[in-house]
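Please read the structure below before turning to the comments.
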Amino acid sequence: MPLTIRIDAYGGPEQMKLIDVPIGEPGPGEIRIRHMASGLNFIDVYQRTGLYANPLPLSLGMEGAGVVEAVGEGVQHLKVGDRAAYASNPPGSYSEARVMPAKNVVRLPDAIDFETGAAMMLKGLTAQYLLKRVRPVEGLAPGDFVLFHAAAGGVGLIACQWAQALGLQLIGTAGSAAKCALALEHGAAHAINYSTEDFAARVKDITGGQGVKVVYDSVGKDTFEKSLDCLRPFGLMACFGNASGPVPPFAPGALAAKGSIYLTRQTLFTHIATRETTQLMADDLFDVVGSGQVKIRIDQRYPLAEVAQAHRDLEARKTTGCTVLTMPG
């Protein structure tokens with residue numbers, strides 16, 4: 001039986017146990033995939049703690065790459081032996097193998113190795129929808145300023161490169177000088193160390209007092225209020241995570257007072273709700289990675305059995321770029 005990381009109760013990293021789980025054969029619309037690597041994401045922490053509640057017991061992990069072992073009835077875009085990768089619900093990629101819905105699984109181009117595939121799917125598709133599908137009412141054009149928090153993280157480093165390829169001036173924030181340097185190295189036009197600088201004041205300086213068209217924020221509570229102050233009139237605040245905790249309730253009138261600005265809370269899984277959209281977005285991601293415009297940086301690797309330490313390091317903000325879990329053997 002394949003090994004799987006599972007939790008029986010919400011809580012800290014110690015809740016994750018490595019167990020044997022029978023998986024069986026895929027049903028209609030499903031595949032069985034044998035993982036070569038699995039990706040680590042902050043959403044895994046939210047699910048482990050119960051911030052994002054799921055039925056228990058719960059297998060964790062939202063992205064992976066491997067080889068298709070079996071195909072259920074009705075699945076036509078994949079066949080046994082295909083190299084494949086995905087970002088998908090329900091969770092379960094922290095495992096040697098699993099049965100899962102096929103609609104969000106795509107064929108992995110031969111030029112992209114399994115670790116890169118496992119590292120890039122959730123983070124790369126997130127960067128894709130943020131930069132291409134979550135746009136301000138006035139649109140985005142080359143030369144426009146955007147603000148991206150946690151710019152040295154997995155999504156951030158992809159977004160820095162992709163924004164540069166699109167001609168955008170991405171202002172990245174990070175929590176240390178080293179992380180700021182990493183963002184600049186990957187295409188950010190400017191970098192702000194928010195542990196030592198007032199990022200809202202710096203954004204106004206950089207933009208000549210105008211502000212940015214979009215703020216992309218996965219940090220949440222700690223950056224939300226000042227992020228609103230970074231927007232130009234009719235700008236868009238795009239929240240897509242809560243790394244510092246959820247944003248407390250606020251009065252919608254604040255949006256009017258700050259320039260008739262827009263606020264949205266996004267999730268990848270709305271964007272990849274159909275197989276067709278998943279494939280289109282994945283093709284865009286594969287193209288930009290295949291062309292070399294975006295390089296997937298894997299800075300941490302942990303054996304599957306050491307996933308608790310991986311979570312501790314992620315929550316302590318000790319990681320940069322992408323993190324993958326390697327499979328036994």
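The values are calculated or read from the model by the stated rules, or taken from the named source; none is laboratory data. Note that the structure is a prediction, hence the values are computed from the model and not measured. Because the Cβ atoms are built from the backbone with ideal geometry, glycine has one as well, and the counts that use them run over all protein chains shown.
Okay, residues lined up against (1) modelled with pLDDT under 95; (2) in contact with a helix residue (DSSP H, G or I) (Cβ under 8 Å, 6 or more places away or on another chain); (3) among the hydrophobic types (A, V, I, L, M, F, W, C):
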{"site": "Thr49", "(1), (2), (3)": "no, no, no"}
{"site": "Pro57", "(1), (2), (3)": "no, no, no"}
{"site": "Ala70", "(1), (2), (3)": "no, no, yes"}
{"site": "Glu73", "(1), (2), (3)": "no, no, no"}
{"site": "Gln76", "(1), (2), (3)": "no, no, no"}
{"site": "Pro109", "(1), (2), (3)": "no, yes, no"}
{"site": "Gln128", "(1), (2), (3)": "no, yes, no"}
* Taking Lys79 and the conditions (1) more than 17 Å from the chain's Cα centre (by Cα); (2) buried (at least 22 other Cβ atoms within 10 Å of the Cβ), which numbered condition does it fall short on, given that it satisfies the others? -> (2)
* Structure fact -> Expected single match for at negative phi, out of contact with any Gly (no Cβ under 9 Å at 6 or more places or on another chain) and of a type outside the set (S, T, N, Q) among Leu147, Leu108, Leu122, Leu130 is Leu130
* Given the conditions (1) under 18 Å from the mean Cα position of the chain (by Cα); (2) crowded, with 20+ Cβ neighbours inside 10 Å, and given that Arg133 satisfies all but one, which numbered condition is not satisfied? -> (2)
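Answer yes or no: is there a residue in region 115-130 that is outside any helix (DSSP H, G or I) and hydroxyl-bearing (Ser, Thr, Tyr). Break it down stepwise before answering.
Initially, region 115-130 is screened for residues outside any helix (DSSP H, G or I), giving none.
Checked against the condition, which is being outside any helix (DSSP H, G or I) and hydroxyl-bearing (Ser, Thr, Tyr), region 115-130 yields no hits at all.
Is it the case that Val99 is assigned by TED's automatic domain parsing to the domain that holds Arg312, part of a strand (DSSP E or B) and either closer than 25 Å to Val294 by Cβ or acidic (Asp, Glu) (or both)?
Numbers: assigned by TED's automatic domain parsing to the domain that holds Arg312: yes; part of a strand (DSSP E or B): yes; either closer than 25 Å to Val294 by Cβ or acidic (Asp, Glu) (or both): no.
Criteria not met by Val99.
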* Asked: If only one of Glu73, Glu138, Glu96 is crowded, with 17+ Cβ neighbours inside 10 Å and either of a type in the set (Asp, Glu) or touching an Asp or Glu at 6+ places or on another chain (Cβ under 8 Å) (or both), which one is it?
  -> Glu96
* Structure fact -> Among strands (runs of 3 or more DSSP E) entirely within region 1-52, at least 3 residues that are crowded, with 21+ Cβ neighbours inside 10 Å occur in 3-7, 30-39
* Based on what the data block shows, is Ala151 closer than 30 Å to Glu225 by Cα, surrounded by 24 or more Cβ atoms within 10 Å (Cβ to Cβ) and not assigned by TED's automatic domain parsing to the domain that holds Pro22? -> yes
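Return yes when Ala243 is outside the structural domain of Gly292 (by TED's automatic domain parsing), within 28 Å of Leu122 (Cα to Cα), in contact (Cβ under 8 Å) with a residue 40 or more places away in the chain and not polar (S, T, N, Q) and no when it is not.
Working: outside the structural domain of Gly292 (by TED's automatic domain parsing): yes; within 28 Å of Leu122 (Cα to Cα): yes; in contact (Cβ under 8 Å) with a residue 40 or more places away in the chain: yes; not polar (S, T, N, Q): yes.
Yes, satisfied.
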* Structure fact -> Taking region 260-276 and the residues there that are part of a helix (DSSP H, G or I) and buried (at least 18 other Cβ atoms within 10 Å of the Cβ), the one that is farthest from the chain's Cα centre (by Cα) would be Arg275
* To do: Six or more apart or on different chains, Cβ under 7 Å: which pairs go from a residue in region 283-310 that's assigned by TED's automatic domain parsing to the domain that holds Val105 and crowded, with 20+ Cβ neighbours inside 10 Å to one that's among the hydroxyl-bearing types (Ser, Thr, Tyr) and modelled with pLDDT of 95 or more? Could you list them?
  => Ile296/Thr116; Leu304/Tyr94; Leu304/Thr326; Val307/Tyr94; Ala310/Tyr302; Ala310/Thr323
